[in-house]
1. Among all residue pairs at least 6 apart or on different chains, which show Cβ distances below 6 Å where the first residue, located in region 1-24, is of a type in the set (A, V, I, L, M, F, W, C) and the second is surrounded by 14 or more Cβ atoms within 10 Å (Cβ to Cβ) and part of a helix (DSSP H, G or I)?
2. For region 1-36, how many residues meet the condition of being of a type in the set (Lys, Arg) and either at pLDDT below 75 or within 9 Å of the chain's Cα centre (by Cα) (or both)?
Amino acid sequence: MRTTNLHLMGFEQGKLTFRHAGLDYLLTSVEESHIVKVVLA
């Protein structure tokens, strides 16, 4: 659901990162995310 919410707000989930202990982490995890289109209908 995080990816769908970010999409609705106009963000690209793959570009959102944060730095921790010198490494960049994706905000939505390292697993592949999908937009839930049923929620958008």
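1. Leu6/Gln13
2. From region 1-36, those of a type in the set (Lys, Arg) are 2, 15, 19; that's our starting set.
Subset that is either at pLDDT below 75 or within 9 Å of the chain's Cα centre (by Cα) (or both): 2, 15.
Here the count works out to 2.
The values are calculated or read from the model by the stated rules, or taken from the named source; none is laboratory data. Worth saying up front: this structure is predicted, and the values here are computed from it rather than measured. A quick note on method: Cβ atoms are made from the backbone with ideal geometry, for glycine too, and the neighbour counts reach across all protein chains shown.
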